[in-house]
Amino acid sequence: MTRGMTIGHLAKEAGVNLETVRYYERIGLMPEPDRTAGGHRSYTNAHARKLAFIRRARELGFGLEEIRALLALAEPGHTSCAEVQTIAGAHLESVRAKLRDLARLEQILADTVSQCSGEPSPMCPVLDMLKG
């Protein structure tokens, strides 16, 4: 690509909000682009690839610091599958713990909701459970 793309085009192409791009730049996750003579940001395909990487990592639930580490490891000459495995493995365990918590929550809610008669009543098992 000889001409850079606008921030709006970059955001649309990556499927993120324009403010998300600015935020990632502010926190140093995305490199600042060059500016046109008029002061507008001018993004390259490298920016688009990096933003797509960040978006996919966020979709998988990785935190910003994990993504920062993964981006550093993705740079040419820095790849260490062992380090990536450590980061991804820790994240996987976190996801599994959340799934266990959600399964317990589902069971509690299902048990409580099944106690509801659905009729007008001064007693409501769901509200009683929420009151503690």
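No lab work stands behind these numbers, since they all come straight from the coordinates. What you see is a predicted model, and the numbers here were worked out from it, not measured in a lab.
Given a 10 angstrom Cα cut-off, can you work out which residue in GLY38, GLY61, GLY15 is the most mobile in a GNM of the chain? Between GLY38, GLY61, GLY15, it is GLY38 that shows the largest mean-square fluctuation. Each Cα pair under 8 Å and six or more residues apart adds its sequence gap; the mean of these over the residue count of the chain is a relative contact order of 15 percent.
Considering only PRO33, PRO122, PRO76, the mean-square fluctuation computed in a Gaussian network model of the chain, springs between alpha carbons under 10 angstrom, is largest for PRO122. Once you have a ≥ b ≥ c as the square roots of the Cα gyration tensor eigenvalues for the stretch 46-88, tell me rounded if a/c is under 1.5, and otherwise prolate or oblate according to whether a/b is larger than b/c. Verdict is oblate for the stretch 46-88. Its DSSP H runs of at least 4 residues, each contributing -39,500 (n - 2.57), put the calculated 222 nm mean residue ellipticity of the chain at -20500 deg cm²/dmol, to the nearest 500.
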